[in-house]
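Written out below as C-alpha cells is the structure these notes cover.
The values are calculated or read from the model by the stated rules, or taken from the named source; none is laboratory data. Owing to the predicted nature of the structure, the values given are computational and were not obtained by experimental measurement. For neighbour counting, all protein chains shown are included, and Cβ atoms are generated from backbone atoms with ideal geometry for every residue, glycine included. These area figures cover heavy atoms from the full protein model, side chains too; ligands, DNA and RNA do not enter into them. Shrake-Rupley method; radii C 1.70, N 1.55, O 1.52, S 1.80 Å.
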Amino acid sequence: MKNKLKYLDAYLPWLFILLGFDMFTVILLWLSDIRIFQALSVLLILTTIVLFSILSTVLVGKEIKKINGYKVFLSYPEKNTELELLRLCSESEKECIKEMASAFYEKQMDIERGKSLLSEYEEYVEMWAHEIKLPLSLLSLVLDNQNENLPKDVAFKLDYVRNQIQSNVSQILFYHRIKSDKKDFLFEDVDLQESICDVLESFKPLLEEKNFKVELNCIHGISYTDRRSFEFIISQLISNAAKYSTENPELNISMKKCDEKNVIVIRDNGCGVKACDLPHLFEKGFTGDSGNTRKKSTGMGLYLVKQLADALKIDVEVRSDWTKGFEINLYL
C-alpha cells in the first residue's frame, strides 16, 4: 500500500489541475444558468475524481510492474528478463534499457573471466602446496637419518628452514581452506594433551636452540573439534612466542575451566603487544608497531588463527603488556 501511495504522489498534481478546471467549469455554469449549475456541479466533480482514480490505479499498476521488471532484470540480467522489461516500458525507454543490458552482459563476461582465472590460480597454488610436501618429506627423512652425521649447527639450521617452509605451506593451505566455499573440516574427539604435545615436539629443536623454558600444566580432557585446524592454531601461537622472544624465554601452556568450557591458556614472556595494537591484532596483514621483529612479519598468522577459531566456534581472548609478555586464551 505504501508503494502505491508513493507512486500516486506523482499524479496528484494532475488531480488538482483537473479539480481546478472543474471549478472553472462550475463557475461558468453558475454564471450561465443557476439550475444547470446545481444539477451538474456535483456530478462533474465526482466524475473527475472517479476517472482520476481509475486512471491512476491503472498507471500505478503499470509503474509497479515496471519497477519489479527492473528488479528482476538487475537480479538476473539475461535475455528473457530483458525482453520482459522491454515489454513493460515505453518506446522512449527501450533504447536506454538495451544499452544498459549490453553493459550488464559485458560486465558479466568480465566477472566470469575473473572467476575462472581466480579458480585456476587457486587450484595451481593448492596443487603447488601439496606437491611441495614431497621434497619436504624427503628433507625430513634425510635429516632424521643423517642427523647424527651432521654438525649440530647445520642440522639445526636445516631443521629450522624445513619447519619454516612447512609453516608457510600450512598457512597457504589453511588460507585456501577458510576462503573456500566447501569447508572440509573433520570433527572428532581430540585428546588435548596429546595434540598439544605433538605440536611442541615439532618445535622442539627451535625451542631448545632459543633456550626456552617450556611448562605444560593441567592439560587434560577431550574436545570435539577439527584436529588439523586446532594443531595449526597452536603451532602459530607457539611460532609467534618463539619469533618474538626475549632473553630467558618462557612458554607456559595450561588449561582451566570457565563456564563449563575448556580454556587453553598460552602465555610467553616475550616483547608483547602495545595496547594500541591489540584491537587490530587479528586483522589481515596487520603487523603493528611492536618492534622491528614484528615489522618483518606478514600479519597472516594471527589472522588465520582467528578465522579458523571462528570456523571451529572457538572464542579467542588476548591479553598483553608491552615488553612483559603475551597471553592468548582459547575457549573450546
Taking segment 95-125, which GluC sites (Glu not before Pro) meet the DSSP loop condition and have no more than 16 other C-beta atoms within 10 Å?
none
Highest-first arrangement of 128-136, 311-319, 233-241, where packing means the average Cβ count within 10 Å
233-241, 311-319, 128-136
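For Tyr224, Tyr303, what's the largest-to-smallest order of accessible area, 1.4 Å probe?
Tyr224, Tyr303
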Expressed in square angstrom to the nearest 10, the accessible area of Lys79 with a 1.4 Å probe stands at 130
What whole-number value in Å² describes the accessible area per residue of segment 177-267 for a 1.4 Å probe?
55
Please state the shape class of segment 205-332: rounded when a/c is under 1.5, otherwise prolate if a/b exceeds b/c and oblate if not, all from the C-alpha gyration tensor.
oblate
Calculate what fraction, in whole %, of the accessible area of segment 205-332 sits on carbon and sulfur atoms when a 1.4 Å probe is rolled over the protein chains.
46
In segment 240-287, which GluC sites (Glu not before Pro) are in a loop and have at most 12 other Cβ atoms within 10 Å, using DSSP for the loop call?
Glu247, Glu260
For Lys261, distant residues with modelled amide H under 5 Å away:
none
Backbone HN-Hα couplings from phi across segment 94-108 [Karplus 6.51/-1.76/1.60, Hz, Gly and Pro as x]
4, 5, 5, 5, 4, 5, 4, 4, 4, 5, 4, 4, 5, 5, 4
Report, by chain and number, residues whose modeled amide H sits under 5 Å from the one on Val214, excluding near sequence neighbours (fewer than 5 apart, same chain).
Leu251
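Kindly state, to the nearest 0.05, the FRET efficiency for Ser140 paired with Lys257, given R0 = 41 Å and r defined as their beta-carbon distance. Each step should come with its number before you reach the end.
On the way: r = 38 Å, r/R0 = 0.92.
It comes out at approximately 0.65.
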Apply the a/c threshold of 1.5 to the C-alpha gyration tensor of segment 206-274 and tell me whether it is rounded, prolate or oblate.
prolate
For segment 142-149, Karplus-derived ³J(HN,Hα) couplings (6.51, -1.76, 1.60; θ = phi - 60°; whole Hz; x for glycine and proline) come out as 5, 5, 5, 7, 10, 4, 6, 8
Keeping all protein chains in place, calculate the accessible area per residue for segment 107-165 (probe 1.4 angstrom), answer in Å².
81
Would you list Leu304, Leu200, Leu118 from the most to the least accessible area, probe 1.4 Å?
Leu118, Leu200, Leu304
Once Ile49 and Asn80 are pulled to full extension, the length gained, defined as 0.36 nm per residue separation minus their Cα-Cα distance, is 7.3 nm
Counting each pair of different Cα atoms once, what's the Kirkwood radius of segment 75-226 in Å, rounded to one decimal?
21.2
